[in-house]
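A short worksheet on the structure shown next.
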Amino acid sequence: MIITEERDKNKVIPREIQALETTYGVEINPVILTKKMFEGMLWAKAELNVGKEALANHIVLHGAECFWKLVLEVENERRG
């Protein structure tokens, strides 16, 4: 899962992922989300989704500080 500030209009992320796949000979199935999309996943009440799964299992490979800041923002908004 890759969280970006805004939509990847130039498709830079998929090109970089494809380069990594070619270099390392592995298949990568990325989930590319905007910050708003990720927040929406955390706000979703009943459904299990990639955002909630990442939060529940503490799956953060890079950018943990930004990830937790975003999670705390959503939690603070919930509490009002």
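The values are calculated or read from the model by the stated rules, or taken from the named source; none is laboratory data. What you see is a predicted model, and the numbers here were worked out from it, not measured in a lab. A quick note on method: Cβ atoms are made from the backbone with ideal geometry, for glycine too, and the neighbour counts reach across all protein chains shown.
Any residue at all in region 16-30 that's part of a loop (DSSP other than H, G, I, E, B), under 13 Å from the mean Cα position of the chain (by Cα) and of a type in the set (A, V, I, L, M, F, W, C)?
Looking through region 16-30, none of the residues is part of a loop (DSSP other than H, G, I, E, B), under 13 Å from the mean Cα position of the chain (by Cα) and of a type in the set (A, V, I, L, M, F, W, C).
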Please work out if residue 59 is more than 21 Å from residue 79 (Cα to Cα) and touching a strand residue (DSSP E or B) at 6+ places or on another chain (Cβ under 6 Å). no
Please work out which residue is modelled with the lowest pLDDT, limiting yourself to region 1-28 and to residues that are closer than 27 Å to residue 72 by Cα and of a type outside the set (Asp, Glu). 7
I'd like the residue in region 38-59 that is free of Cβ contacts under 8 Å to residues at least 12 places away in the same chain and part of a helix (DSSP H, G or I) and, out of all such residues, is surrounded by the most Cβ atoms within 10 Å (Cβ to Cβ). 41
Quick one: would you say residue 10 is in a loop (DSSP other than H, G, I, E, B) and exposed (fewer than 13 other Cβ atoms within 10 Å of the Cβ)? yes
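Looking at 32, 17, which one is surrounded by 10 or more Cβ atoms within 10 Å (Cβ to Cβ) and touching a strand residue (DSSP E or B) at 6+ places or on another chain (Cβ under 7 Å)? If you could, list the steps in order and put the result at the bottom.
Working: 17 fails: touching a strand residue (DSSP E or B) at 6+ places or on another chain (Cβ under 7 Å).
Answer to the selection: 32.
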Any residue at all in region 36-58 that is touching a Leu at 6+ places or on another chain (Cβ under 8 Å) and acidic (Asp, Glu)? yes
